[in-house]
Amino acid sequence: MRYKRILAGLTILGGVFLSAPAFGAPAESQISIRVDASNPGAAIPPDYSGLGFEVSLLRPENGTHYFRPDNEPLINLFHTLGIKNLRVGGNTSDRDVRQLPSQADLDSLFTFAKAAGVKVIYCLRLHNGDPNVDAQTVKYLTDHYAPQLECFSIGQEPSAYPVESADARANTERMGATNEKYSYASYREDWKTFADAIIAAVPEVKFCGPSVHNNGEWARRFMEDFGHSNHVVLITEHLYAGGAGGKVPTPEIGRDRMLADEAWGSNGFPKVYQKLYDSFVPMALSNGLPYRLEEVNNYFNGGATNVSNTFASALWGLDFMYWWAEHQAAGLNFHTGDRVAAGAALLPSKYTAFFSTTNGYMIRPLGYGIKAFDLGGHGKFVPITVSDASKLNFSSYAVLGGDKNLYVTLINKEHGNNVRAGTITLNTGTHFTQCETISLAQSAGDVAATSGVTIGGAEIKSDGSWAGAWKTLSLPNTGALSVTVPAASAVIVKLMPSP
């Protein structure tokens with residue numbers, strides 16, 4: 001993959017008409033992509049795709065648990081989206097805990113996890129917590145649900161803990177360098193005390209950490225102190241690349257930042273990714289420690305209005321997943337749920353992938369981006385070379401699946417007025433004999449829209465089902481395939497060898 005710019009306009013794929021935006025006839029540009037399917041590289045972990053929820057959601061509401069083994073729409077939705085990892089934490093697990101889950105609550109969560117086929121990362125309380133209570137929780141879960149456990153984190157974003165007995169910071173002003181005063185040295189001492197108590201009770205326990213937001217220094221120091229001891233098996237970081245949702249100047253700017261390419265300044269999302277990667281990932285990989293972004297989304301404090309809930313989030317989410325997979329992440333978990341913590345408050349979530357309705361769940365645009373990754377993101381990355389003198393705004397990724405099919409994902413992030421059209425010539429060699437495509441689109445090609453999103457021409461239903469379809473595309477004998485993608489959309493090309 002490399003960030004480039006790409007195409008818009010009236011589009012035909014092998015006789016399949018794709019709707020075009022209504023803003024005029026932009027000039028056309030030519031882009032060439034060459035894929036070397038004979039040289040596969042790193043594999044995308046099978047449990048890469050994850051979601052995260054507040055621990056407060058484990059408590060029953062009106063006598064009913066959200067996570068329960070008979071919640072068929074939610075189980076179906078997990079399967080449809082390809083979710084394999086479930087992280088339970090958020091501020092309500094630690095600093096702003098109201099009531100910790102009971103054993104019955106934990107039973108309901110983990111029987112759901114078994115039915116959904118996911119492993120759980122569980123966050124334990126550290127701030128004002130009790131190491132013996134955490135040890136009892138770990139022992140209970142290990143004794144009863146070991147196959148569903150991934151690991152335990154101790155503390156939620158500890159760098160943002162208050163340093164005074166009464167936290168005078170505003171609810172929405174507790175993250176970021178100017179507001180985070182809690183020292184790593186204090187955290188290290190507390191973490192070791194809790195870890196020792198838990199290890200004494202459960203010698204086989206697995207830990208992850210430090211679970212801070214966009215802070216590579218804490219991750220490096222955590223690795224230095226605990227990376228080869230104390231049962232640490234995974235380095236975890238959080239990332240909301242756009243910062244506070246309430247500080248986005250305008251919705252247009254918020255969406256532009258999400259869909260930025262590498263040429264943008266420091267507040268463009270790709271620059272934020274690279275800075276965090278450079279700050280701790282090389283050290284983790286050199287020490288043989290996998291890393292996971294266990295809590296992510298676009299803007300924190302529940303997201304940004306008319307930004308986080310728009311179609312822009314679908315294109316961003318798909319691109320975000322591939323960027324970190326290509327950078328050797330073990331996985332990521334989009335924080336989601338009807339309500340999420342914004343400081344000490346629980347607010348309706350703007351960035352959620354889906355929210356509850358009477359008969360199931362309404363899928364937000366981000367959920368469609370997650371689904372698009374599930375369709376093309378299983379297998380090993382293969383080298384891809386892009387030639388584009390026009391520098392249009394797009395990303396491309398190629399994955400050789402375990403089914404021997406080649407999946408090429410093309411994400412067109414051009415949006416707004418005066419976008420340019422373009423045609424991709426995709427060169428993959430001649431050993432593929434069949435081709436199909438599937439598209440992620442919004443009916444008007446509008447990144448500001450909050451509805452009208454489909455993948456494969458179909459919506460994901462409230463019961464978690466999806467009936468989208470791939471479309472057959474004629475494959476030239478030369479192996480050079482012409483594909484055009486409308487602005488504000490993505491196309492996955494599937495190339496299949498002879499049966």
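Phi-derived couplings, Karplus 6.51 cos²θ - 1.76 cosθ + 1.60 at θ = phi - 60°, listed residue by residue for region 248-264: 6, x, 8, x, 4, 5, x, 6, 4, 5, 4, 9, 5, 9, 5, 7, 5 Hz, with x used for Gly and Pro. Ordered by the number of other Cβ atoms lying within 10 Å of each residue's own Cβ, fewest first, His144, His213, His238 fall into the sequence His144, His213, His238. From helices alone, the chain scores -8000 deg cm²/dmol at 222 nm; the rule is -39500 (n - 2.57) for each run of n ≥ 4 DSSP H residues, then divide by the residue total.
Working note: Debye formula, equal point scatterers on the alpha-carbon atoms of region 54-181, no solvent; log10 I(q)/I(0) at q = 0.13, 0.17 Å⁻¹ is -0.59, -0.92. For the set Lys247/Lys271; Lys380/Lys413; Lys119/Lys139; Lys404/Lys494, the pairs lying more than 21 angstrom apart at their alpha carbons are Lys380/Lys413. Near the amide H of Arg339, within less than 5 Å, lie the amide hydrogens of Ser349, all on another chain or at least 5 residues away, with H placed in the peptide plane.
Each semi-axis of the equivalent ellipsoid for region 39-99 is √(5λ) with λ an eigenvalue of the Cα gyration tensor; in descending order they amount to 29, 18, 5 Å.
Measuring spread by the Cα atoms of region 327-453 yields a radius of gyration and Dmax of 18.0, 58 Å.
Treating each Cα of the chain as an identical point scatterer and summing with the Debye formula, the log10 of I(q)/I(0) at q = 0.05 Å⁻¹ comes to -0.18. Using the alpha-carbon positions of region 110-188, Rg (one decimal) and Dmax (whole number) come out as 15.9, 43 Å.
For the chain, take the longest principal axis of its alpha carbons; what is the angle in degrees between that and the long axis of helix 184-201, to the nearest 10 within 0 to 90? Once rounded, one gets 80 degrees. Computed over all pairs of different Cα atoms, the Kirkwood value for the hydrodynamic radius of region 372-430 is 13.1 Å.
Taking amide H positions as modeled 1.01 Å from N, with prolines and chain starts lacking one, the residues under 5 Å from Leu234 and 5 or more places away or on another chain are Gly209. The alpha carbons of region 245-336 give a radius of gyration and a Dmax of 13.7, 42 Å, in that order. Amide H contacts of Thr310 (H built 1.01 Å from N, in plane; Pro and chain starts excluded): no residue 5 or more places away or on another chain comes under 5 Å. Computed across region 121-254, the Kirkwood hydrodynamic radius from all distinct Cα-Cα pairs reaches 16.0 Å.
Expressed as a fraction of 2.2 N^0.38 Å, the C-alpha radius of gyration for region 423-493 is 1.30.
Taken together, the values in this text are just the output of simple stated rules run on the coordinates, not laboratory data. Since the structure is predicted, the reported quantities are computational estimates derived from the model, not experimental observations. In this analysis, Cβ positions are derived from the backbone assuming ideal geometry, glycine residues included, and neighbour counts consider all displayed protein chains.
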